[in-house]
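Asks: Handing you a structure now.
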Amino acid sequence: MSETDRLKWNARYRSGDHAGEHPSDFLLSAAPLLPPPGQALDLAGGAGRHALWLASQGWNVTLADISETALQIAKERAEHRTTTIETRQIDLEVDPLPAGPWNLILVFHYLHRPLFADLPGVMAPGGMLLFIQPTVRNLERHERPPRPFLLHEGEAPQLITGLEMIRYEEGWLNEGRHEARVVARRSE
């Protein structure tokens, strides 16, 4: 990303856009598959809706995002809930991933294809990845995100290398978007 992207995301979070508080249906439906709480990394996690839910479930969560505004919102929400999360402002297209080992990594609605090759190297044995991203078919009903930030149909399993695919689904899902959803695990 660039300085322009950081400023754009800061403005969106200041306006209240992308600042929802409830975890996605995908995270809640995948919860029974997760390992016991340990170290979790929420990449491009914005204002922390998923990080805060994980923390409330006993996870030690690090929330990484380019927007310092989003991270500040997440910190304030954590304090209000008497929950603890760690935040790190990083540019996932330039900066290295936070060192693991991570028992759980979330990548929700963020697509930088080269990132996926690095994920197994920071995951703990038995660690899990939850990934969700709209596909190009999403443009049939929604104008955002634009095409460069959309998966091709059937692309998600090709991105997830070095991990065992536990669950994969793609289609018009209950939140109204055409998405690919992946649950994958690093072998023990």
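Asks: So, in the stretch 75-107, exactly how many residues are of a type in the set (Asp, Glu) and farther than 25 Å from Arg181 by Cα?
Replies: 4
Asks: Let me ask you something else. Which of the residues belonging to the stretch 109-166 are in a strand (DSSP E or B) and acidic (Asp, Glu)?
Replies: Glu164 - this is the single residue of the stretch 109-166 that is in a strand (DSSP E or B) and acidic (Asp, Glu).
Asks: With the requirement that a residue be surrounded by fewer than 24 Cβ atoms within 10 Å (Cβ to Cβ) and either under 18 Å from Pro145 (Cβ atoms) or within 13 Å of the chain's Cα centre (by Cα) (or both), what does the stretch 115-127 give you?
Replies: Leu115, Phe116
Asks: Only one of these conditions is not met by Gln72: (1) surrounded by 14 or more Cβ atoms within 10 Å (Cβ to Cβ); (2) within 30 Å of His178 (Cβ to Cβ). Which number is it?
Replies: Evaluating Gln72 over (1) surrounded by 14 or more Cβ atoms within 10 Å (Cβ to Cβ); (2) within 30 Å of His178 (Cβ to Cβ) leaves (2) as the failure.
Asks: Which condition breaks for Thr84 when tested against (1) more than 25 Å from Ala184 (Cβ to Cβ); (2) crowded, with 22+ Cβ neighbours inside 10 Å?
Replies: Just one mismatch for Thr84, condition (2).
Asks: Let me ask you something else. I'm checking my understanding of the structure. Among residues of the stretch 49-88 that are closer than 22 Å to Pro101 by Cβ and among the β-branched types (Val, Ile, Thr), which one is modelled with the lowest pLDDT?
Replies: Out of the qualifying residues, it is Thr84.
Asks: For the stretch 130-150: of the residues being within 15 Å of the chain's Cα centre (by Cα) and crowded, with 20+ Cβ neighbours inside 10 Å, which is farthest from Gly176 (Cα to Cα)?
Replies: Filtering the stretch 130-150 for residues that are within 15 Å of the chain's Cα centre (by Cα) and crowded, with 20+ Cβ neighbours inside 10 Å, the one farthest from Gly176 (Cα to Cα) comes out as Leu130.
Asks: Turning to a different aspect of this structure: List the pairs whose first member sits in the stretch 171-186 and is within 18 Å of Pro146 (Cβ to Cβ) and of a type in the set (D, E, K, R), whose second member is modelled with pLDDT under 90 and in a loop (DSSP other than H, G, I, E, B), and whose Cβ atoms are under 8 Å apart, counting only residues at least 6 apart or on separate chains?
Replies: Glu179/Leu173
Asks: Still on this structure, I have one more. Give me the residue from the stretch 8-29 that is under 22 Å from Glu175 (Cα atoms) and in a helix (DSSP H, G or I) and, out of that set, modelled with the lowest pLDDT.
Replies: Tyr13
Asks: Within the stretch 58-70, identify whether any single residue is part of a loop (DSSP other than H, G, I, E, B) and touching a Ser or Thr at 6+ places or on another chain (Cβ under 7 Å), and answer yes or no.
Replies: No - not one qualifying residue is present in the stretch 58-70.
Asks: Let me ask another. Looking at the stretch 41-72, which of the residues that are in contact with a helix residue (DSSP H, G or I) (Cβ under 6 Å, 6 or more places away or on another chain) and touching a residue at least 60 places away in the same chain (Cβ under 8 Å) is nearest to Ser2 (Cα to Cα)?
Replies: Ile66
The values are calculated or read from the model by the stated rules, or taken from the named source; none is laboratory data. Because the structure is predicted, anything quoted here is derived from the model rather than measured. Note: ideal-geometry Cβ built from the backbone for every residue, glycine included; neighbour counts use all protein chains shown.
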